[in-house]
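The values are calculated or read from the model by the stated rules, or taken from the named source; none is laboratory data. These figures come from a predicted structure and were not determined experimentally. Here the Cβ positions follow ideal geometry from the backbone for every residue, glycine too, while neighbour counts run over all protein chains shown.
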Amino acid sequence: MFKTLLMSIATLTAALWLSADAAAQSTMIRGKVLDADGKPVVGAAVVVESKGGTNRRHQTKTDRRGEFVQLLSESGDFMVTATADKLGSAAAPVRVRLNATSEVTITIAPGGAADPKAAELKKVFDEGVAASRTGDHDTAIARFTTAATAIPNCHDCYYNIGVSYLQKKDEKQAEEAWKKALELKPDYPEALTALATLYNNQKRFDEAAAMSGKAAASGGSAGGSADAIYNQGIILWNQGKIAEAKIKFEETIKADANHADGHYQLGMALLNEGKTAEAVGAFETYLKLAPTGQFAATAKAMVEQLKKMMER
């Protein structure tokens, strides 16, 4: 299915495009290629292309079960195209998240060429992505809505509609779109996180915590994704539950040692406990991981001030 925009509670305000530098880390796309009857297509050529401006291109083939795995060293938006003799080709966009497995199923219709309807739908969806990136959210909503009408189960379409509505500051419509996405895919972590963010901003903390908990549970691993756990910590922090929030920030770092914001918030929790030296260490780690990050100026000032206090 389609997946392009990703919401993060880290800014506590709006949608963010994620293109994290995943050097020295890995992630993957796992997929399967089926024919029109739902049977596996053996030996289909699979091309995985980055849409984030890096022009990276990977090639592989399906095995005897019609499945393939492509390891990647970066997160972001990718286009996966499968081609088979006598069947033609079909493509699907995939959002790849760092340290997670993204799954995709591609169905190739017979005819010796790409399905024109699928190609047109892809074009419409890509137009929505392009419009959203340029700030033309009315056009983005229209394009994603057209795609959703063509594919009734396109939960990614409704998710992206919600993101565009939020950019227009229409929180009610954004909420409805994300709820629709969850009707189609109840364990959709991006939509769950988006609603958690929205409810947190609206001070609907109980609902925010519930959504964030579901997002963590659906994060693709036993402990949930680092981002989802971090979100839980932020919501607890905003509720004044500092000790509980600290535990979540520690869990965040355990899930992803390079989660910069997790280190920063852990530093704030440690500072709240009066553990100055440990807080300095957490802030310094944040600055190493995100020297130009959103909390960089504050973290730097905190380190300088706290070190002076420690020297007295």
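Please go through region 279-312 and give me each residue that is in a helix (DSSP H, G or I) and surrounded by 18 or more Cβ atoms within 10 Å (Cβ to Cβ), ordered by number.
Scanning region 279-312 gives 279, 280, 282, 283, 285, 286, 287, 299, 302, 303.
Which is under 19 Å from the mean Cα position of the chain (by Cα), of a type in the set (Lys, Arg) and not assigned by TED's automatic domain parsing to the domain that holds residue 100, of 133, 143, 204?
133
All but one of (1) in contact with a Leu (Cβ under 8 Å, 6 or more places away or on another chain); (2) surrounded by fewer than 22 Cβ atoms within 10 Å (Cβ to Cβ) hold for residue 185; state the number of the condition that does not hold.
(1)
Let's see how each residue does on (1) free of Cβ contacts under 8 Å to residues at least 40 places away in the same chain; (2) touching a strand residue (DSSP E or B) at 6+ places or on another chain (Cβ under 8 Å); (3) among the small types (Gly, Ala, Ser); (4) crowded, with 22+ Cβ neighbours inside 10 Å:
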position: 253; (1), (2), (3), (4): yes, no, no, no
position: 257; (1), (2), (3), (4): yes, no, yes, no
position: 263; (1), (2), (3), (4): yes, no, no, yes
position: 267; (1), (2), (3), (4): yes, no, yes, yes
position: 274; (1), (2), (3), (4): yes, no, yes, no
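State which residue pairs qualify: first residue over 14 Å from residue 158 (Cα atoms) and modelled with pLDDT under 90 and inside region 134-146, second residue assigned to a helix (DSSP H, G or I) and not aliphatic (A, V, I, L, M) in any location, beta carbons under 8 Å apart, and separation of 6 or more residues or different chains.
The qualifying pairs are 135/167.
Does any residue of region 251-271 turn out to be part of a helix (DSSP H, G or I) and more than 19 Å from residue 227 (Cα to Cα)?
yes
Check region 202-218 and report whether any residue there is farther than 30 Å from residue 185 by Cα and in a helix (DSSP H, G or I).
No.
Taking residue 223, is it crowded, with 16+ Cβ neighbours inside 10 Å, assigned to a loop (DSSP other than H, G, I, E, B), modelled with pLDDT under 90 and not β-branched (Val, Ile, Thr)?
Judged against the criteria, residue 223 is not a match.
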